[in-house]
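Worksheet: one structure, shown below.
The values are calculated or read from the model by the stated rules, or taken from the named source; none is laboratory data. Note that the structure is a prediction, hence the values are computed from the model and not measured. Glycine gets a Cβ as well: all are built from the backbone with ideal geometry, and neighbour counts include every protein chain shown. Please note that ligands, DNA and RNA were not included when accessible areas were found on the heavy atoms of the full protein model with its side chains. Shrake-Rupley method; radii C 1.70, N 1.55, O 1.52, S 1.80 Å.
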Amino acid sequence: MNVRVRYAPSPTGMQHIGGVRTALFNYFFARAQGGKFILRVEDTDQERSTPEALQDLYDTLAWLGVEWDEGPIVGGPYGPYIQSERFGLYQEYAHRLVAEGKAYYCYCAHERLDALREEQTESKSQQQGYDRHCRELSQEQRNAREAEGIKPVIRLKVPLEGKTTFHDVLMGDISRRNKDVSPDPVLLKSDGFPTYHLANVIDDHLMGITHIMRAQEWIPSGPLHIILYEAFGWEPPIYCHLPMVMGKDGQKLSKRHGSTSVRDFKAKGYLPEALINYVSMVGWSYDGVREFFTREELGQVFSLEKINKAPGVFDYKKLDWYNGMYIRQKSDQELADLLAPYLVEAGFIHLQRTSEESTLLESLVPVVRERLKVLSDVVEMVRFLFEEIAEPAVEQLLPKNQEIPVTVTALEKSLEIIMARGDASDAELELRLSALAEQLGIKINGVFMPVRVAVTGSTVSPPLFDSIRLLGLDKAISRIERAVTILKGEVR
RNA sequence: GUCUCCAUCGUCUAGUGGUUAGGACAACGGGUUUUCAUCCCGUCAACGGGGGUUCAAUUCCCCCUGGAGAUGCCA
């Protein structure tokens, strides 16, 4: 079979984890099958569709490195691939269904529909949804409504009897009694635009889509779509409903759970390869053991059979782990380039790096690499190098159970050793400071920690000698001297 | 309310009619280390419940329970 799959988002918000996972699965399936991956923009909601969202869609897919074989920008033999540009098509097909008695005009006002819905909810009525009020309108009644200037919608005449079944690759047969199928859903809105159900069925058919892979939230609409295919006399495609991505609380993943838009993940400093890898492991697995895959590898080994049926919880911690793993794989140069924008944004370096800044950046990378979970972590990690640190507090300078006088001595002697370092190696320097600790009868930490706090302003920092080297000996010395002064001031 | 789907450690998952139910993240403990991180080692931890079928069910069937989704002139 010549596989043709599509990702068909509506540009009504930023691309999020769930949507991207669907896009990825479709893309990988197409690649693994040697088929085509098609992008189609479902902008039939004129109220909510925005150019920003559309741009975000393009940006996101580009960032992830997902290229579509047919779709907006690149074109293709079944275009246009933006539904608003296919406007006339839907009208045509909708009216065809009306002409054949398979759909009808409905003149019900929003007010009536709202009241109806409210009443049904309140009375917990068995029958929820449209009451098919206009299903059997006579020609005279219709003329009367038209004369009032009411713009009708077109609704599908869902059969009242029988049941409809569709097959899902993962779930098997799923059927629904027709009376439980959404009662006569709107196909064409009063503004002339199609609803999802209509546009989706028409385009999938016209574009020769062979497999529909979409989130499980669409399962209830499956039978409805089958009814539509039957009404048009078309062969339905193969369905494969993907498990949903949930938040920690088991609810559909949303902003409440943290960042969900890919744009946010990118801004925080997640790498596309990490996001792709992790997201692909929610709802799909290779063998339960192997967990690292590149985009290309996924495009080789992906298969529908290994998709899980149950929804999966999005685990931010595991994403962090993947991201750290991928960051550590970067070369110095790659990581420097990835980190630079964050340092620029923090105002630490210029967009056009001076040669000193370039040198500093390069020597910084090996020091921070294994400490980063996300790229933006670098900012706080190296802030002490670029900005004057706050005066360390006395308590901060003092290691546990260590008095001020010894600490002062430790600082002063350390300072001497550091200044008199000459061309001694870091290892040699470390030896000397250790010896100092021994002389003073304190732990090694009792020497290193005060110096660390004095120089970096924090008990947590990159290795001390690296920190001093990056900061510059002069600045380091004056910060240590200041610490001594602070401690001495406390004695008086 | 009604309909549909789902159900293995806290999380992502592997797996089988007979297994010590495997791996990873997290958590916790230990080691390496100048702190942190990395790295290494270890510990904790699961087949939701009840009926069947069977010599044998986590695995097959049914019910229950639990969870989710749908029920829009949103997709």
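Here is a check on your reading of the model: is A:D332 over 22 Å from the mean Cα position of the chain (by Cα) and under 24 Å from A:I468 (Cα atoms)?
Yes, satisfied.
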Worksheet item: Is there any pair with a first residue in region A:273-301 that is of a type in the set (D, E, K, R) and a second that is outside any helix (DSSP H, G or I) and more than 6 Å from RNA strand B (Cβ to nearest atom) whose Cβ atoms are under 8 Å apart and which are 6 or more apart or on different chains, and what are they?
Response: A:E273/A:T294; A:R295/A:G65; A:R295/A:V66
Worksheet, complete the sentence: Here the qualifying pairs (Cβ atoms under 8 Å; residues six or more apart or on different chains; first in region A:25-43 and modelled with pLDDT of 95 or more and in a strand (DSSP E or B); second open to solvent by less than 10 Å² (accessible area, probe 1.4 Å) and of a type in the set (G, A, S)) come out as A:K36/A:A30; A:F37/A:A30; A:I38/A:G71; A:L39/A:G71; A:V41/A:G71
Worksheet item: Name the helices (runs of 4 or more DSSP H) wholly within region A:277-383 that hold at least 1 residues that are more than 8 Å from RNA strand B (Cβ to nearest atom) and more than 30 Å from A:C240 (Cα to Cα)?
Response: A:316-328, A:332-345, A:355-368
Worksheet item: Which of the residues that make up region A:384-409 are over 45 Å from the mean Cα position of the chain (by Cα) and within 13 Å of RNA strand B (Cβ to nearest atom)?
Response: none
Worksheet item: Can you find even one residue in region A:253-264 that is under 18 Å from A:Q216 (Cα atoms), within 13 Å of RNA strand B (Cβ to nearest atom) and at pLDDT below 95?
Response: yes
Practice prompt. Just need a number here: residues in region A:44-95 that are without any contact (Cβ under 8 Å) to a residue 12 or more places away in the chain and farther than 25 Å from A:K266 by Cβ.
Written response: 8
Response to the item:
Among residues of region A:113-150 being among the hydroxyl-bearing types (S, T, Y) and within 11 Å of RNA strand B (Cβ to nearest atom), the residue least open to solvent (accessible area, probe 1.4 Å) is A:Y130
